[in-house]
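Some notes on the structure that comes next.
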Amino acid sequence: MINMNKELIGFYVRLFVFLGIVLAIHIWALNYTTIVFSKNIIFLSYGINYALALVIYTTLFILKKKYEHILGFIFMAGSFLKFGAYFIFLNPIFKQDGTVTTVEALLFMIPYAFCLIIETIALIRLLNK
């Protein structure tokens with residue numbers, strides 16, 4: 001039980017630190033280019049991706065022994081869940097002006113991609129144990 005909690009907390013912390021660094025770089029880049037963006041939206045996007053990554057990894061971690069043969073499908077379902085969250089929470093905000101700009105799309109895609117990379121690496125390590 002302690003080992004399980006240690007592994008999960010380690011993943012949570014690594015993902016938080018990594019996403020924090022990516023968020024800082026993302027905000028710096030947007031400020032550097034003088035692109036107008038809402039800090040609330042960028043924090044919401046990163047928060048949604050972080051929370052869903054935690055849920056997905058925790059689910060995979062819990063189900064790894066009993067359902068090892070379908071963990072890949074569960075992982076893919078998690079990606080669909082993230083896109084569903086995008087279309088429910090962020091897309092309506094982005095479409096308020098009638099169009100979704102590249103900058104707005106990247107507000108979701110950058111944290112999504114980095115969470116996906118970290119989750120994939122963690123899942124590979126989990127399956128190799």
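For the chain, the membrane-span-like helix rule (DSSP H, alpha carbon extent of at least 18 Å along the helix axis, mean Kyte-Doolittle at least 1.6) picks out 102-128; this says nothing about an actual membrane. Listed by chain and number, the lysines placed with their C-alpha closer than 21 angstrom to that of K129 are K6, K64, K65, K66; residues fewer than eight positions away on the same chain are left out. Taking 0.36 nm per residue of sequence separation and removing the Cα-Cα distance, the T101/L44 pair yields an extension gain of 18.8 nm. Computing percent of Cα pairs over 27 Å apart directly from the structure and comparing it against (i) 41; (ii) 25; (iii) 30 singles out (ii). For the chain, a simple Cβ point-charge model (Lys and Arg +1, Asp and Glu -1, everything else neutral) yields a dipole of about 440 debye relative to the Cα centre.
Loop-located trypsin sites (Lys or Arg not before Pro) across segment 1-79 with a Cβ neighbour count of 13 or fewer within 10 Å are K65, K66, with loop assigned by DSSP. What FRET efficiency, computed as 1/(1 + (r/R0)^6) with R0 = 25 Å and r the Cβ-Cβ distance, is obtained for I93 and I25, rounded to the nearest 0.05? Rounded to the nearest 0.05, the efficiency is 0.65.
Only DSSP H runs of four or more residues enter the estimate; each adds -39500 (n - 2.57), and after division by the residues of the chain the mean residue ellipticity at 222 nm equals -27500 deg cm²/dmol.
We did not get these values from a lab; they are worked out from the coordinates using the rules stated. Keep in mind that this is a model prediction, so the values were computed, not measured. Using ideal geometry, Cβ is built from the backbone for each residue, glycine included, and neighbour counts are taken over all protein chains shown.
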